[in-house]
């Protein structure tokens with residue numbers, strides 16, 4: 001839709017300049033071909049926009065991919081009556097906010113460490129960042145083994161020094177938080193890098209001036225580094241929340257949503273309902289996830305990007 | 001000055017020790033497990049292999065289940081190369097014109113770019129579209145899906161970078177009489193080289209590591225991509241932990257190679273939003 005209107009709206013202008021007589025500046029402007037948009041728009045519309053809009057209809061149906069029966073809000077009613085699906089809904093928030101908050105705090109502290117006076121900076125940066133590039137499923141399997149309640153290395157060490165040996169992925173109270181911890185392990189490197197770039201971009205004069213005025217490290221941190229890292233902070237919060245709320249791979253690789261459904265999130269519910277053949281219900285889950293992500297992300301990104309930094 | 005040097009050493013040494021425990025132990029564990037015999041690996045212990053079977057396990061994993069891993073590597077390579085090529089060129093074209101040409105449509109386009117970044121793809125409706133086009137369970141369908149999902153992020157990277165290229169270069173090219181396509185490929189694309197490398201490397205790692213995409217849109221053993229092969233070694237009566245970990249090791253190598261060669265570009269790409277916001 002957008003394709004057609006964009007090109008047709010701009011064509012007359014292009015035709016006009018070809019006939020000559022337009023000022024040079026205008027000639028340059030219309031020189032950039034609008035059809036450059038078309039390949040990307042075609043992909044976007046067919047494989048992203050159409051499914052997204054279709055999901056709002058199919059979420060209201062009982063659906064087998066070949067035919068569908070309109071059942072109104074039945075799927076949503078079912079979604080919010082089934083305790084498994086409700087807990088998945090709540091876990092999505094807990095998981096998203098917990099991982100995002102931890103990545104902000106730990107990432108910022110690591111960035112302070114790595115931009116301050118420290119030896120082996122290059123090595124530290126590399127080992128903290130590398131997990132970001134590794135397969136999430138691989139990471140999940142490795143930690144599932146390291147955190148195995150009976151044979152895992154972590155509990156082996158805890159047992160040897162006489163500490164309790166929790167069932168990291170098998171204790172219903174703990175499973176979701178264990179996965180969140182692994183998620184933080186894997187993702188904190190990107191937060192660290194973003195904060196480092198933000199801190200390095202702060203002009204050195206500010207720090208020098210503050211030190212001249214006799215400000216201590218704590219004061220410098222609070223009045224210069226922290227407020228001027230705001231763009232980096234915004235990027236980290238937005239990226240980690242988007243990732244956390246949609247998280248699926250790691251949960252699937254470690255617990256599969258278990259034990260029971262104590263570590264299910266909306267994304268894993270979508271997969272389970274899809275696997276079970278409840279396509280309408282699965283799509284309703286998708287619509288719920290869409291609403292959750294939009295309702296959280298739009299105000300947050302508006303708020304984070306609005307205020308200019310005041311020094 | 002001397003006090004500061006001492007502090008750098010102390011914090012550095014502590015950080016290195018912690019990083020070894022927290023970040024390196026899991027990787028060492030993978031290598032150790034990958035070198036064990038099946039019974040040894042089954043105990044899950046963090047221990048030196050009783051028998052060092054690294055190369056035998058490597059051979060076993062490559063021939064396991066009619067060489068499904070080898071096939072998966074071929075599939076993942078095809079998927080990665082083509083989807084990255086498509087998404088890079090399409091995103092560069094959009095990012096370029098979007099930055100250069102002010103138009104009342106730009107806010108609309110920017111809105112859809114951001115929506116593509118935030119909105120989670122609708123799973124079953126996408127399968128429905130693929131089926132309607134006859135592309136479900138085909139490599140071509142999967143390539144186009146990955147290319148589509150990569151568009152938004154890469155458009156943002158290209159748009160930000162094009163802003164740093166002086167517009168006078170375009171104007172000079174126009175005056176020299178080159179058309180838009182010629183200018184784009186001869187003048188602009190070479191200037192985009194730094195960001196081009198970033199986009200290609202980051203996108204390649206993302207697609208190579210993607211699990212949910214192929215799980216939903218490319219099912220079937222003959223189509224398996226590397227991430228899905230990890231499930232080959234579990235769930236049966238006997239689990240081959242040594243082979244599972246060898247497989248993890250194998251699929252970690254391509255990102256590792258990328259990391260070693262393109263560390264700087266990857267970092268630049270992923271942190272581009274940090275300074276400006």
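The values are calculated or read from the model by the stated rules, or taken from the named source; none is laboratory data. The structure displayed is predicted, hence computed values, not measured ones. Positions of Cβ are generated from backbone atoms using ideal geometry, with glycine treated the same way; all protein chains shown enter the neighbour counts.
Data overview
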item: Members of the range B:45-60 that are over 21 Å from residue A:152 (Cβ atoms) and not in a helix (DSSP H, G or I); result: B:51, B:52, B:53
item: Test result for residue B:114, within 11 Å of another protein chain (Cβ to nearest Cβ) and either in contact with a strand residue (DSSP E or B) (Cβ under 6 Å, 6 or more places away or on another chain) or modelled with pLDDT under 90 (or both); result: yes
item: Yes/no for residue B:59 being modelled with pLDDT of 85 or more, more than 10 Å from chain A (Cβ to nearest Cβ) and at negative phi; result: yes
item: Criterion: surrounded by 14 or more Cβ atoms within 10 Å (Cβ to Cβ) and either in contact with a strand residue (DSSP E or B) (Cβ under 6 Å, 6 or more places away or on another chain) or at pLDDT 90 or above (or both) - qualifying residue of B:78, B:68; result: B:78
item: Qualifying residue in the range A:294-310 (condition: surrounded by fewer than 22 Cβ atoms within 10 Å (Cβ to Cβ), at pLDDT 90 or above and within 19 Å of residue B:216 (Cα to Cα)); result: no
item: Residue satisfying all of: in the range B:165-186; within 12 Å of chain A (Cβ to nearest Cβ) and surrounded by 16 or more Cβ atoms within 10 Å (Cβ to Cβ); nearest to residue B:89 (Cα to Cα) among these; result: B:184
item: Residue in the range A:289-298 that is within 10 Å of another protein chain (Cβ to nearest Cβ) and not in a helix (DSSP H, G or I) present; result: no
item: From the options B:107, B:125, residue that is under 30 Å from residue A:269 (Cβ atoms) and modelled with pLDDT of 85 or more; result: B:125
item: Single unsatisfied condition, residue B:131 versus (1) at the interface with chain A (Cβ under 9 Å from one of its Cβ atoms); (2) assigned to a helix (DSSP H, G or I); (3) at pLDDT 90 or above; (4) touching a helix residue (DSSP H, G or I) at 6+ places or on another chain (Cβ under 8 Å); result: (4)
item: Qualifying helices (runs of 4 or more DSSP H) (wholly inside the range A:214-269; at least 3 residues being within 14 Å of the chain's Cα centre (by Cα) and either surrounded by fewer than 16 Cβ atoms within 10 Å (Cβ to Cβ) or within 11 Å of chain B (Cβ to nearest Cβ) (or both)); result: A:230-245
item: Candidate set from the range B:25-44 (those that are more than 31 Å from the chain's Cα centre (by Cα) and not in a helix (DSSP H, G or I)); member that is farthest from residue B:250 (Cα to Cα); result: B:43
item: Test: residue B:124 is within 11 Å of chain A (Cβ to nearest Cβ) and in contact with a strand residue (DSSP E or B) (Cβ under 8 Å, 6 or more places away or on another chain); result: yes
item: Subset of the range A:46-75 (residues that are surrounded by fewer than 17 Cβ atoms within 10 Å (Cβ to Cβ) and within 29 Å of the chain's Cα centre (by Cα)); result: A:53, A:56, A:57, A:73
item: Given (1) out of contact with any helix residue (DSSP H, G or I) (no Cβ under 6 Å at 6 or more places or on another chain); (2) away from chain A (no Cβ under 11 Å), index of the condition residue B:207 fails; result: (1)
item: Unmet criterion (only one of (1) outside any helix (DSSP H, G or I); (2) more than 29 Å from residue A:123 (Cβ to Cβ)) for residue A:202; result: (2)
item: Filter pass, residue A:131 being touching a helix residue (DSSP H, G or I) at 6+ places or on another chain (Cβ under 7 Å), in the same structural domain as residue A:292 (by TED's automatic domain parsing), assigned to a loop (DSSP other than H, G, I, E, B) and closer than 27 Å to residue A:188 by Cβ; result: no
item: Filter pass, residue A:281 being buried (at least 24 other Cβ atoms within 10 Å of the Cβ) and in a helix (DSSP H, G or I); result: yes
item: Count - residues of the range B:93-111 that are within 9 Å of another protein chain (Cβ to nearest Cβ) and not in a loop (DSSP other than H, G, I, E, B); result: 8
item: All positions within the range B:139-181 that are in contact (Cβ under 8 Å) with a residue 60 or more places away in the chain and part of a loop (DSSP other than H, G, I, E, B); result: B:163
item: Hits in the range B:254-269 - residues which are surrounded by fewer than 19 Cβ atoms within 10 Å (Cβ to Cβ) and either outside any helix (DSSP H, G or I) or more than 9 Å from chain A (Cβ to nearest Cβ) (or both); result: B:257, B:260, B:261, B:264
item: Residue within the range A:238-245 that is in contact with a strand residue (DSSP E or B) (Cβ under 9 Å, 6 or more places away or on another chain) and in the same structural domain as residue A:109 (by TED's automatic domain parsing) present; result: no
item: Lone qualifier among A:150, A:169 - being within 10 Å of chain B (Cβ to nearest Cβ) and closer than 30 Å to residue A:259 by Cβ; result: A:150
item: Only one of B:103, B:83, B:19 that is out of contact with any strand residue (DSSP E or B) (no Cβ under 7 Å at 6 or more places or on another chain) and under 30 Å from residue B:138 (Cα atoms); result: B:83
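Here's the yes/no breakdown for (1) within 17 Å of the chain's Cα centre (by Cα); (2) part of a helix (DSSP H, G or I); (3) facing chain B (nearest Cβ under 9 Å); (4) crowded, with 22+ Cβ neighbours inside 10 Å:
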position	(1), (2), (3), (4)
A:96	yes, yes, no, yes
A:101	yes, yes, no, no
A:109	no, yes, no, no
A:180	yes, yes, no, yes
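The rows are residues; the columns are (1) farther than 26 Å from residue B:215 by Cα; (2) surrounded by 20 or more Cβ atoms within 10 Å (Cβ to Cβ).
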residue	(1), (2)
B:50	yes, no
B:64	no, no
B:104	yes, no
B:128	no, yes
